[in-house]
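Bear in mind these aren't lab numbers, they're just calculated from the coordinates by the rules spelled out. Everything numeric here is computed off the predicted structure, so don't read it as measured data. Positions of Cβ are backbone-derived with ideal geometry, glycine not excepted, and every protein chain shown enters the neighbour counts.
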Amino acid sequence: MSKMRSIGTACLCFILFAALASAEAAGRQVPYESAITKARSEIWKAINSGRCGSATAAVMVDGKVVYAEGFGMANREKNVPVRKDTLFNIGSISKVYVATAIMLLVDDGRVSLDKPVTDYLPEFKMADDRYRKITVRMTLNHVSGIPGTEGKNSFGFRYDDNVKKETLETLARAHLKHDPGAMPVYCNDCFTLAEMIVERVSGKKYMDFLHERMFRPLGLKNTGIGVGEIKDKPIAFYYDPKTGKKHPPETLSIIGAGGLSSTAVELCRFMDTFSAKGRLLKKESLAEMRKEQPSAFWGKLRNPTFSCGLGWDMTGLPRYDAAGVQVLGKSGGTGNYSSMVYTVPDRRISVAVIGAGKESGAMKIALDMLDAVLVEKKLVPREERSVPIPPKAQKLPQDHTSWSGYYADGARLGQVVFDAEKDTGTLYAFKGQEKAPAATFIYNNGYYHDNEGNRYYFANVGGESYFVTSPLHAGIDVIVMQKVKPLEKPQSLKSDMDNKAWLRRNVGPFEGIMIVESHFARSFLYKDLPGYVFFQGMHRIDSSEFAGMPFDAIRDQAELTLFEKDGATWAWVSDLLYCPAETAAPLKAGENSVKIGDDGYNQWLVANEDVVVSFAKPAQGRAIIFTADDVTTYDSAVDTGDVYVAKGSYIECAGLANDVFTVNARPAVPK
């Protein structure tokens, strides 16, 4: 690793010295040199640190690409570097494309933003009568109240068109977490609905519509479906930074929400269509896409929140708003890629960064590059940041005790505890029923500060309490957790849910590695939170068989439904189907035959002794091994050969209906 880091550093120095020497020889500054230097230094830093394996970046000004570069290896085994035309998955930046597709249909007079979704998709129903108020606009600006994301088999290694039908089935038994229009809470499923509206109204497959109405007119030859479906163009593979293993090329079946791939150059070219010289939308639709789409929650926090637009994360940022410069921005993140694009439509400036890696830092790198371009063009002043001085602890405010308690987001539970004698607060994070300090903060001038330089505060709006992050320089507030409210009449579920192990049963063999953690799960009860159960997120128990969503401001929540099947209590957690772990079949010594039934449900075995196993599996089959404490030790998507299986471990076999696996087990004999 140190040798590779030295090589990367040497290459970076060579590139920078060469660029500076060229500029000196020409007697003038390299155009946008600061932005280019920022891209190179920060991207190589991310690669050398292991946060991403490869990346690409581009800058467009006045309709021309003034900088484009690839970094790292797209294919390590074949020694293929990333080039300007190497494709990466762009994740949720895809939302801007489906929003644009809807606006093209608005231009055609075939869709109205403020008509109900049911006017276009009459089969769309929910277990909550408020769903009838959800409009097309609300599918594009995150204010619908729909719970979150269809996770079953939507992230994986091949495209599965069934995700649309499955999304409708999941929503049919789901409730809303808030009134339509009440709050801006990120929601992927809404963009699947938007994708379906495009298909229903146009009469074309979604990708065919994009190619016909957007890609071909704009000359976007390297933009399309996810890299897992691409056979004839260079793609950037993802390599696990911990193991170095290459993952199968990734495809997201929720195309409208996050399933497109592209290059940094073509992201910039697409963004240029939102300038006055855009060639896609009529003037009125262009203006609609560029304006913020506030909810009723707007203005309820101390500082501005992200001003979501139609598909955009933001339609402005305070620093640039103050200078009269509108910035549109959208981020993207999948299991294997992270991306960011910004555009200044009035000045025809766009910047894009995509990395192979979940934490590439693309958002910050792209913003630093954009800022450098805007400073060079004298559109904003250079930001002079003072030397950061750690705040001094002050006495906790009198109301601090009211903020004590349990908080949660979509997947995590935490507890805020204050120490009045030390004037500190601590956020504890739970793993199961054990908790450990995650952050300690002091109070200073109305905010709580941790030792990493982050700033927070607590807010009460409409009787709900929120834990809010408030970055000092960004000027944008974001709700990160919501308080779990004590219940006057807590109820219980019919099954004992405390520290109970569950096995997922509706897993397709092509489901992505990022979703594997959902296959083996545990549910927990907490004595201080009667009436709640934690099972892939926090749920409020509403009856003996149902637990609903307790929060209005948290993304990707789920509802829990218990039901009887095959003599046991099974569970739906949104779209994820679970059976109790004790129903797993015992792994026998010798040959075990495992058949996938007509329902396609994956099958499970449990090892009652230490063994070594080998698999004979069907062509599209998948075998995954979990320890009793939920550590994945083997996944045939990336692993091969025989494998040691410890006593108490679970073996999952996922395949197509009627597929047959052979699992051979022999005693594990130490040498």
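For this structure, a couple of remarks:
- Distance between segment 199-261 and segment 460-481 - C-alpha centres, whole angstrom: 34
- Per-residue ³J(HN,Hα) for segment 524-536, Karplus 6.51 cos²θ - 1.76 cosθ + 1.60, θ = phi - 60°, Hz, x for Gly and Pro: 9, 10, 10, 4, 7, 10, x, x, 10, 9, 9, 8, 6
- Packing-based ranking, highest mean first, of 281-288, 166-173 given that Cβ atoms within 10 Å are counted: 166-173, 281-288
- Between segment 521-546 and segment 324-352, the C-alpha centres lie 39 angstrom from each other.
- As a proxy for reagent exposure, PHE155, PHE467, PHE418 were ordered by neighbouring Cβ count within 10 angstrom, fewest first; the result is PHE418, PHE467, PHE155.
- J(HN,Hα) series, segment 651-662, from Karplus relation 6.51 cos²θ - 1.76 cosθ + 1.60, nearest Hz, glycine and proline x: 10, 9, 10, 10, x, 8, 3, 6, 5, 10, 10, 10
- Assigned charges on the beta-carbon of Lys, Arg, Asp, Glu; segment 500-667 dipole about Cα centre (debye): 240
- Proxy reagent accessibility, fewest Cβ within 10 Å first, across GLU609, GLU250: GLU609, GLU250
- With neighbours defined as other Cβ atoms within 10 Å of a residue's Cβ, the residues HIS175, HIS142 order from fewest to most as HIS175, HIS142.
- When the helices of the chain are scored as -39500 (n - 2.57) per DSSP H run of n ≥ 4 and the total is divided over every residue, the value at 222 nm lands at -6000 deg cm²/dmol.
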